[in-house]
Amino acid sequence: MANNQLGVLNALDAAKTQWYHFTAIVIAGMGFFTDAYDLFGISLITKLLGRIYYTNENHPKPGTLPPNVAAAVNGTAFVGTLAGQLFFGWLGDKLGRKRVYGLTLMLMVVCSIASGLSFGKSPAGVMTTLCFFRFWLGFGIGGDYPLSATIMSEYANKKTRGAFIAAVFAMQGFGILTGGIVALIVSASFDHAYKAPPYSVNPKDSTAPEADYIWRIILMFGAVPALLTYYWRMKMPETARYTALVARNAKQAAADMSKVLQVELEAEEEKVEMAPSSNSFGLFTKEFARRHGLHLLGTSVCWFLLDIAYYSNNLFQKDIFSAIGWLPKAETMNAIHEVYRVAASQSLIALCGTIPGYWFTVALIDYIGRFTIQLMGFFFMTVFMFALAIPYHHWRSNNAGFLIMYSLTFFFANFGPNATTFVVPAEIFPARLRSTCHGISAAAGKLGAIVGALGFLYAAQSTNPAETDQGYPPGIGVKNTLLVLGSINCLGIFFTLLVPESKGKSLEELTGENEEADGNDKQQASSTQTLPV
């Protein structure tokens, strides 16, 4: 390690795991809890929205959202998230992590409530206002990705940094599960209070008028966890790495971290003054391309490929379960009971596959490394996707076997690239560009989510026109869609080779900022170094 490394950064790297680490995980993690609740919660209510606003009582099947409406409802939040990741990622490097952090959270709170209050006299009016507020909800969620990851990476010690960042992201699993549990509680309560016949018995009465409150309550509950953590998020000091390396205020960095670490730290202002400008090279320079261009390509493409498969599977579990017969046919249920069955199915998957996968990553990432976990995850996701797809018709008569295999794809997504694509971009880029580069990588992922969400809507429709949902053209079927997703996961294996291993190294070692601080000779030498792949 370079001699000119600031003492405050050395202290952070060497710090023992303390209470402030866990506090930071909870504060940053509750943002991700809310993100997952809001993004994936929409899948719990899309069938209900179709029944309430688009049912034709003369049709033998309940109403579903028309293709263009379903695409908008499922995809609008992702478009907002993509924009938010790019904007707030850039802003986090310009204004500081803390100054932007509270803004994203308040945007999530306001828009969660507003989504549930979506108004209009016609179905088109309700859907339009819902999509409007979900776009801005996504915009706030987008900011949480680069800021939470960057803050946690810059607070953590180098020995357990991977586990801390992964633990923040793992809160996503609890958000998905909580969405299912809230939907279960609300739908069970309404189903008990307002008895309604199945659609096949009485189409008109199968959707109780009170069902309109269910989706609104589920969406608005997303404001609660975000609101609870706002005060604590505002109390967090700016990270020392931003204050010292970007804002170049060693005195403030030392004062902030002295309180956090509860030790006396020297300001070392002369080291900051002797160091070259923190803007020695920018994002769109040959120097950045030489040092980090392939890394940014690797993190972005891996996240893009991962999210095509991950969001396709997560958002459309209900359709896959219906296709294999695990969920009863829609016409045999009333509207409220259908919400209950969808929520129960998705909660079970979250409990059996999603959450365990996240925490396996937390436990092992600093032992076996990011690279190995990501490579292994993409490999097993490929294997299990093909194992579901090739004997697909066998699984239609073996629901328990399908559920186990399907849960394993989620397990290895989360004990794999879904966690590591979040962790690595927060470690391998310079402090002055860390939030921006994480935002770019995450935005590439959300582009993949948009492709997955919109593509799956059409692709997974049956090849038989008589079996498609109302308003949809025939697709390639669930079997062929799973084959395509398996092939996409296989591509992820190859792009993982561009991503460096960051286990056990300080952030400044990884980015070359130590060498910059040692003067022009070492800076020149470091420009020829490459990180191990």
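Quick notes
- Taking amide H atoms as placed 1.01 Å from N in the peptide plane, the amide H of Leu327 lies under 5 Å from those of Ser322, each 5 or more residues away in sequence or on another chain.
- Folded to 0 to 90 degrees: helix 335-349 orientation relative to the chain principal axis, Cα: 40 degrees
- The chain: relative contact order as a whole-number percent, Cα under 8 Å and 6+ apart: 24 percent
- Placing +1 on each Lys and Arg Cβ and -1 on each Asp and Glu Cβ, with no other charges, gives the chain a dipole about its Cα centre of roughly 680 debye.
- With the highest mean first, a sort of the peptides 235-243, 456-464 on other beta-carbon atoms found within 10 angstrom per residue produces 235-243, 456-464.
- Percent RCO, i.e. relative contact order, over region 109-150, from Cα pairs under 8 Å lying at least 6 residues apart: 36 percent
- Split the accessible area of region 70-194 by element, probe 1.4 Å, and carbon with sulfur accounts for 77%.
- For peptides 78-89, 133-144, sequence by mean Cβ density within 10 Å, most packed first: 133-144, 78-89
- Dipole of the chain, positive direction: furthest Cα of Ile349, Phe371, Ala170, with charges on the beta-carbon: Ile349
- With helices as the sole contributors, the chain gives -23500 deg cm²/dmol at 222 nm; each DSSP H run of n ≥ 4 counts as -39500 (n - 2.57), and the sum is divided by every residue.
- Across region 300-312, computed HN-Hα scalar couplings (Karplus, 6.51 cos²θ - 1.76 cosθ + 1.60, θ = phi - 60°) run 6, 5, 4, 5, 4, 5, 4, 6, 4, 6, 5, 6, 4 Hz from first to last residue, x flagging Gly and Pro.
- On Cα atoms only, tilt of 477-495 relative to the major axis of the chain in degrees: 10 degrees
- Residues Glu266 and Ser122, FRET efficiency given R0 of 45 Å [Cβ-Cβ distance, rounded to 0.05]: 0.10
- Compared with the dominant principal axis of the Cα atoms in the chain, helix 211-220 is inclined by about 0°.
- Phi to ³J(HN,Hα) by Karplus 6.51 cos²θ - 1.76 cosθ + 1.60 over region 96-102, Hz, x for Gly, Pro: x, 5, 5, 5, 9, 4, x
- Summary of packing: across the peptides 336-344, 438-446, the per-residue average of other C-beta atoms within 10 Å ranks them, highest first, as 438-446, 336-344.
- Average Cα contact separation per residue, region 1-130, under 8 Å, 6 or more apart, as relative contact order %: 16 percent
The values are calculated or read from the model by the stated rules, or taken from the named source; none is laboratory data. Computed from a predicted model, the values in this text were never measured in an experiment. Counting neighbours? That spans all protein chains shown, and the Cβs are built from the backbone with ideal geometry, glycine included. Note: accessible area is taken over every heavy atom of the protein model, side chains too, but ligands, DNA and RNA are not part of it. Shrake-Rupley method; radii C 1.70, N 1.55, O 1.52, S 1.80 Å.
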